[in-house]
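J.: The following block contains the structure, expressed as structure tokens.
The values are calculated or read from the model by the stated rules, or taken from the named source; none is laboratory data. As the structure is a prediction and not an experimental result, all values here were calculated from the model. Ideal geometry is used to build each Cβ from the backbone, glycine not excepted, and the neighbour counts take in all protein chains shown. Just the protein is used for accessible areas: all its heavy atoms, side chains included, with ligands, DNA and RNA removed. Shrake-Rupley method; radii C 1.70, N 1.55, O 1.52, S 1.80 Å.
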Amino acid sequence: MAAVEKRRPAVAPTASFVDSGRPAVSRAAATAESEEDFLRQVGVTEMLRAALLKVLEARPEEPIAFLAHYFENMGLRSPANGGAGEPPGQLLLQQQRLGRALWHLRLAHHSQRTAFNNNVSVAYECLSASGRKKKPGLDGRTYSELLKRICRDGEAPEEVVAPLLHKIQCRDHEAVPLDVFRAGMLTCFVLLEFVARASALYQLLEDPALAVADRRVGQAVLDTLEGALQASDGGAVPARYLEAGLRLGPDSLALAMDRALVARRPSSPMTREEFLEKAAALFIAKVKPVA
């Protein structure tokens, strides 16, 4: 009988049911779901998304190093970390916030308007974070200190940027709104680029043997630059003045230099420092002071 008995097909085990009558979710699926919920609840999912968006905005040459710096500074933005009660701890925290704000401001060039403005807002929020003994908001002292650090790290001569800082700084006790903060940051970065290009222009004028330029030629170039700035309808937008300087083509500069040399007037040397100071003064004259 056993030989002729038909084998019964294997029956799949029935799914277990919980008390509610629905099939119980497998342990692996439940674990995966709980892990995903945990990451979302503690903010890791949103943090990673924000980090990836920053990478797409900045498009750095070394994305991994970029992310490492980004996450290294993440904790400094939280207002919960602003409760240093002792002055030394508060000072250290302030320096850390300044460094992180400066890092955000450098993520995108000022010509990338949307990305730059977003980074300015993040830097403003970072510096405005409040602690247990400090009201939220950005004061003039912190704002002015950040302006000085931008100019110092930009390697522009102090005597060149000092007049600009005098025009756009705020008093230590003043509250600095976001629009003033944004205008100040943009003006500083544009001036640094303006000075860098003026320095490159001076290299074309200087005598390699003497390391100085002919004053007649240097002044002629400065006069041409001033005319381009005055002709531009910048509407007090610093980037427009930078664009005006870029419109100085080789022909207009060559013509100005030829006129200066043909004049055959007595001349004297013009140093790089003097040329940069005068070029920067043309730009700063267009900047409106902070009311």
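J.: Take GLU274 and SER111, extend 7 Å from each Cα along the Cα→Cβ direction, and tell me the distance between the two endpoints in nm.
T.: Those two pseudo-labels are separated by 3.3 nm.
J.: Please list, ordered by chain and number, the residues whose modelled amide H lies under 5 Å from the amide H of LEU138; skip anything fewer than 5 residues away on the same chain.
T.: VAL176
J.: If you take every residue apart from GLY140 with its C-beta less than 11 Å away from the C-beta of GLY140, what net charge results, scoring Lys and Arg +1 and Asp and Glu -1?
T.: -2
J.: What does the accessible area of ARG197 come to, in Å² to the nearest 10, when a probe of 1.4 Å is used?
T.: Approximately 100 Å² of ARG197 is accessible to the 1.4 Å probe.
J.: Compute the convex hull volume of the Cα atoms of region 172-217, divide it by the residue count, and report the result per residue in Å³ as a whole number.
T.: Value for region 172-217: 110 Å³ per residue.
J.: On to the next question. Note the per residue figure in Å³ for the convex hull of the C-alpha positions in region 95-197.
T.: 92 Å³
J.: Spelling out what I want: for every residue of region 147-163, take phi, set θ = phi - 60°, compute 6.51 cos²θ - 1.76 cosθ + 1.60 (Karplus), and round to whole Hz; glycine and proline get x.
T.: So the Karplus estimates, Gly and Pro as x, are 4, 5, 5, 4, 5, 5, 5, x, 6, 7, x, 4, 5, 7, 8, 4, x Hz.
J.: Restricting attention to the alpha-carbon atoms of region 150-237, what are Rg (one decimal) and Dmax (integer), both in Å?
T.: Both quantities, over Cα of region 150-237: 16.1, 52 Å.
J.: Right, here's the next one. For THR271, what charge total do you get from the other residues with a beta carbon under 13 Å from its beta carbon, if Lys and Arg give +1 and Asp and Glu give -1?
T.: -4
J.: Enumerate the residues in region 143-160 having an amide nitrogen under 11 Å from the point lying 7 Å beyond the Cα of GLU174 toward its Cβ.
T.: Counting backbone N atoms under 11 Å from the label point, the list is 144.
J.: Quick one: what are the phi-derived ³J(HN,Hα) couplings along region 44-53, Karplus 6.51/-1.76/1.60 with θ = phi - 60°, whole Hz, x for glycine and proline?
T.: The phi angles translate into 5, 4, 5, 5, 5, 4, 5, 5, 5, 5 Hz.
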